[in-house]
Amino acid sequence: MLRLTDLSEVPADLGPTVVTLGNFDGVHRGHASVLATVVEQARSRGARSVAVTFEPHPLAVLHPDRAPAMITSTADRLDLLERTGLDAVLLMPFTRELAAQTPEEFVKDVFVDRLRAVAVIVGKDTRFGVKNSGDISTLRELGDRYDFDVLTLEDVGTDHRWSSTEVRQLLTEGDVATAADVLGRHHHVSGTVVRGLQRGRELGFPTANLSRDAQGLVPGDGVYAGWLIRHGLDAGDPDHRLPAAISIGTNPTFDNVARTVEAHVLDRTDLDLYGEPVSVELVRRLRGNDKFDSIDALVEQIGRDVDTARELLADS
């Protein structure tokens with residue numbers, strides 16, 4: 001898949017193309033349905049399939065106070081888009097200059113002149129151009145003017161529309177299991193393993209602490225069952241994907257503790273993970289981040305958490 005980060009990088013011979021437009025944060029199952037149609041339409045028309053997306057999120061430029069927390073990092077978003085079978089992704093820098101373009105200017109510059117689109121496929125609520133002034137009717141008019149088809153797709157979901165907003169809400173609430181249903185996969189957070197306060201080790205449950213700059217939306221505080229993925233090992237290595245009990249939060253039993261993401265790998269004491277790039281996949285929330293009256297009570301609960309996580313992950 002071609003990864004293009006500016007209009008100037010679009011090869012002159014890329015077109016004709018079938019194009020879609022969106023932020024694609026999380027690349028959830030609704031996105032996947034649209035992208036599958038783009039790929040199918042491109043193949044049937046002898047064209048290339050292209051997704052146009054933006055970095056950063058438009059609201060981060062226009063209304064920073066309203067910008068959503070991103071579900072996935074840009075690198076993960078591109079990897080997920082590639083898995084859909086697209087031929088190319090155009091990751092456009094979102095600037096105030098781009099935001100000031102009229103709908104026609106945007107369509108002509110991007111879809112017509114650069115991508116030579118023969119079809120544009122979008123959801124029915126798509127908006128584009130200055131102040132979101134362009135809608136589906138605008139796009140159809142421009143399609144007639146510049147000779148490309150416009151296909152709109154109905155919302156996709158089991159009993160309601162799947163959306164990035166819904167995924168963010170579910171993750172914030174700690175409902176990673178339902179979020180996985182919408183995403184089509186377990187949500188993960190990635191970072192480098194750093195040294196923590198060593199409290200887990202002192203309690204008999206050593207943990208791998210993720211760096212503060214971890215990528216991916218960090219779910220609500222609590223204890224989770226999940227997996228620790230070691231990026232430095234091949235997928236076939238038995239130590240690549242390890243079952244873990246994962247704690248997110250400030251650990252209210254202790255005072256003045258910063259919010260952390262830390263994973264205790266089940267039944268392993270021989271691992272030295274410091275400095276390794278890892279991800280934690282979150283399968284299910286086991287409980288909230290409770291405050292305990294004593295260290296002994298905390299240790300007993302952690303033991304129960306580990307047992308529950310082991311049992312749950314044995315079936316997945």
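The values are calculated or read from the model by the stated rules, or taken from the named source; none is laboratory data. Just so we're clear, the structure is a prediction, and the values are computed from it rather than from any experiment. Please note: Cβ atoms are built from the backbone with ideal geometry, for glycine as well, and neighbour counts cover all protein chains shown.
Touching a helix residue (DSSP H, G or I) at 6+ places or on another chain (Cβ under 9 Å), hydrophobic (A, V, I, L, M, F, W, C) and surrounded by fewer than 23 Cβ atoms within 10 Å (Cβ to Cβ) - does that describe any residue in the stretch 17-31?
Checking the stretch 17-31: not a single residue is touching a helix residue (DSSP H, G or I) at 6+ places or on another chain (Cβ under 9 Å), hydrophobic (A, V, I, L, M, F, W, C) and surrounded by fewer than 23 Cβ atoms within 10 Å (Cβ to Cβ).
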Quick check on residue 77: is it of a type in the set (Lys, Arg), assigned to a helix (DSSP H, G or I) and over 21 Å from residue 146 (Cβ atoms)?
yes
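Of the residues in the stretch 112-128, how many are on the phi > 0 side of the Ramachandran plot and either surrounded by 21 or more Cβ atoms within 10 Å (Cβ to Cβ) or in a strand (DSSP E or B) (or both)?
0
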Spot the failing condition for residue 291; the list is (1) under 29 Å from the mean Cα position of the chain (by Cα); (2) within 19 Å of residue 220 (Cα to Cα), and only one is missed.
(1)
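Tell me, yes or no, whether the stretch 37-57 has at least one residue that is in a helix (DSSP H, G or I), in contact with a helix residue (DSSP H, G or I) (Cβ under 7 Å, 6 or more places away or on another chain) and either surrounded by 17 or more Cβ atoms within 10 Å (Cβ to Cβ) or free of Cβ contacts under 8 Å to residues at least 60 places away in the same chain (or both).
Checked against the condition, which is being in a helix (DSSP H, G or I), in contact with a helix residue (DSSP H, G or I) (Cβ under 7 Å, 6 or more places away or on another chain) and either surrounded by 17 or more Cβ atoms within 10 Å (Cβ to Cβ) or free of Cβ contacts under 8 Å to residues at least 60 places away in the same chain (or both), the stretch 37-57 yields no hits at all.
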Of the residues 174, 184, which single one is on the phi > 0 side of the Ramachandran plot and surrounded by 20 or more Cβ atoms within 10 Å (Cβ to Cβ)?
174
Given (1) within 27 Å of the chain's Cα centre (by Cα); (2) exposed (fewer than 13 other Cβ atoms within 10 Å of the Cβ); (3) modelled with pLDDT of 90 or more; (4) not basic (Lys, Arg), residue 264 misses just (2)
Evaluate the following for residue 103: is it of a type outside the set (D, E, K, R), more than 17 Å from residue 183 (Cα to Cα) and in contact with an Asp or Glu (Cβ under 9 Å, 6 or more places away or on another chain)?
yes
Failed condition for residue 102, given (1) crowded, with 16+ Cβ neighbours inside 10 Å; (2) at pLDDT 95 or above, with all others met?
(1)
Looking only at the stretch 205-226, and only at residues there that are among the aliphatic types (A, V, I, L, M) and not in a loop (DSSP other than H, G, I, E, B), the one that is surrounded by the fewest Cβ atoms within 10 Å (Cβ to Cβ):
223
Take residue 98 and decide whether it is under 23 Å from residue 184 (Cα atoms) and in contact with a Phe, Trp or Tyr (Cβ under 8 Å, 6 or more places away or on another chain).
no
Flagged in the stretch 130-153 as at positive phi and surrounded by 20 or more Cβ atoms within 10 Å (Cβ to Cβ), in numbering order, are none
Within the stretch 61-82, how many residues turn out to be aliphatic (A, V, I, L, M) and crowded, with 16+ Cβ neighbours inside 10 Å?
6
